[in-house]
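Engineer: Okay, here's the structure, questions in a sec.
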Amino acid sequence: MRARGVGGATDDGGTDGGAGVLHVAVVGDSLSFGNSTSFTADGLGDESYVRWAFTDGIGLAGGTAVPGATSVQQAARVVPVDADALVLALGTNDLAWGLPFEETSGALAQIADTVGAPRVLLLSIPPLDYGQEVDVAGFNRRLEALAAEQGWEYVDATAPVREGDGWAPGMTTDGVHYTVEGARAVGESLREALRNG
């Protein structure tokens, strides 16, 4: 049996859990959790991009997704996971709370070290439209540079939900979170990256 991650996720992943399955851990926030009932293969809701990414031989090995969490908070929460790859999907709350990027980058590196997966994918964050001006494009450039520095894969999985610097029509429920269509678009983008990396 594979290691159990925070949130109760194991390697059931919606697949047979056997040979040929890519076992992936995810550490994220509400964008990963969406409208899920639990962060497990059976509990994922359709506003979680993870539901749409983890199909056809990709299984959820574990991890944690907590609405409102920053990367620093998730670094304190995460545990080792027996996984082929790790998806890091954090930063929206760091940016919203004005955390220094050095704290974010340190926490992301700590998470990757703790999980211990041989492959790490760092996702871009989507636009944030909640009545306060934030530099999402600049933040994503810093994430991309961090991935290069750490030897991770930077995945601009949120590109399909953007139009310019804002949200594309029909992709967000509230300026922060994905609609079902937005979650599906991000999930399909991530799935392609997982398969082709």
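The values are calculated or read from the model by the stated rules, or taken from the named source; none is laboratory data. All of these numbers come straight from a predicted model, not from anything done at the bench. All Cβ positions, even for glycine, are placed from backbone atoms using ideal geometry, and neighbour counts span all protein chains on display. Remember, those area values only see protein heavy atoms, side chains included, never the ligands or the DNA or RNA. Shrake-Rupley method; radii C 1.70, N 1.55, O 1.52, S 1.80 Å.
Engineer: What length, rounded to one decimal in nm, is gained on full extension from ASP84 through to TRP97, with 0.36 nm per residue of separation minus their alpha-carbon distance?
Structural biologist: Here the answer is 1.5 nm.
Engineer: Where only protein heavy atoms count, and the probe is 1.4 Å, what is the accessible area per residue for segment 46-133 in Å²?
Structural biologist: 37 Å²
Engineer: Quick query: amide H of ALA41 versus all other amide H atoms, modeled in the peptide plane; which residues come in under 5 Å with a sequence gap of 5 or more or a different chain?
Structural biologist: THR10, GLY13
Engineer: Divide by every residue of the chain the summed helix terms, -39500 (n - 2.57) for each DSSP H run of at least 4, and state the resulting mean residue ellipticity at 222 nm, rounded to the nearest 500 deg cm²/dmol.
Structural biologist: -10000 deg cm²/dmol
Engineer: For the chain, what % of the accessible area comes from carbon and sulfur atoms, probe 1.4 Å?
Structural biologist: Ligands and nucleic acids excluded, carbon and sulfur give 47 percent.
Engineer: Shape call for segment 49-191 from the C-alpha gyration tensor, a ≥ b ≥ c root eigenvalues: rounded (a/c under 1.5), prolate (a/b greater than b/c) or oblate?
Structural biologist: oblate
Engineer: Given charges of +1 on the Cβ of Lys and Arg and -1 on the Cβ of Asp and Glu, with all other atoms neutral, how large is the dipole of segment 24-92 about its Cα centre, in debye to the nearest 20?
Structural biologist: Once rounded to the nearest 20, the dipole reads 220 debye.
Engineer: With axes computed from alpha carbons, what is the tilt in degrees of helix 101-115 against the longest principal axis of the chain, rounded to the nearest 10 within 0 to 90?
Structural biologist: 10 degrees
Engineer: Taking amide H atoms as placed 1.01 Å from N in the peptide plane, list the residues 5 or more away in sequence, or in a different chain, whose amide H sits under 5 Å from that of ALA168.
Structural biologist: Close amide H contacts, sequence-distant or interchain: ARG162, GLU163.
Engineer: Determine the percent antiparallel among the DSSP beta bridges restricted to the chain, to the nearest 5.
Structural biologist: Here the share of antiparallel DSSP bridges comes out near 15 percent.
Engineer: Amide H of TYR178: which non-local residues (sequence gap of 5 or more, or other chain) have their own amide H closer than 5 Å, using H built in the peptide plane?
Structural biologist: The list, which skips near neighbours in sequence, is THR173.
Engineer: Among 166-179, 31-44, 126-139, what's the highest-first ranking by average C-beta atoms within 10 angstrom per residue?
Structural biologist: Going from most to least packed, we get 31-44, 166-179, 126-139.
Engineer: Another one. From the phi of every residue in segment 179-189, what ³J(HN,Hα) in whole Hz does the Karplus formula 6.51 cos²θ - 1.76 cosθ + 1.60 yield, where θ is phi - 60° and glycine or proline is x?
Structural biologist: 6, 4, 5, x, 4, 5, 5, 5, x, 5, 5
Engineer: Working from Cα positions, state the angle (0 to 90°, nearest 10) between the long axis of helix 136-150 and the longest principal axis of the chain.
Structural biologist: Compared with the principal axis, the helix lies near 40 degrees.
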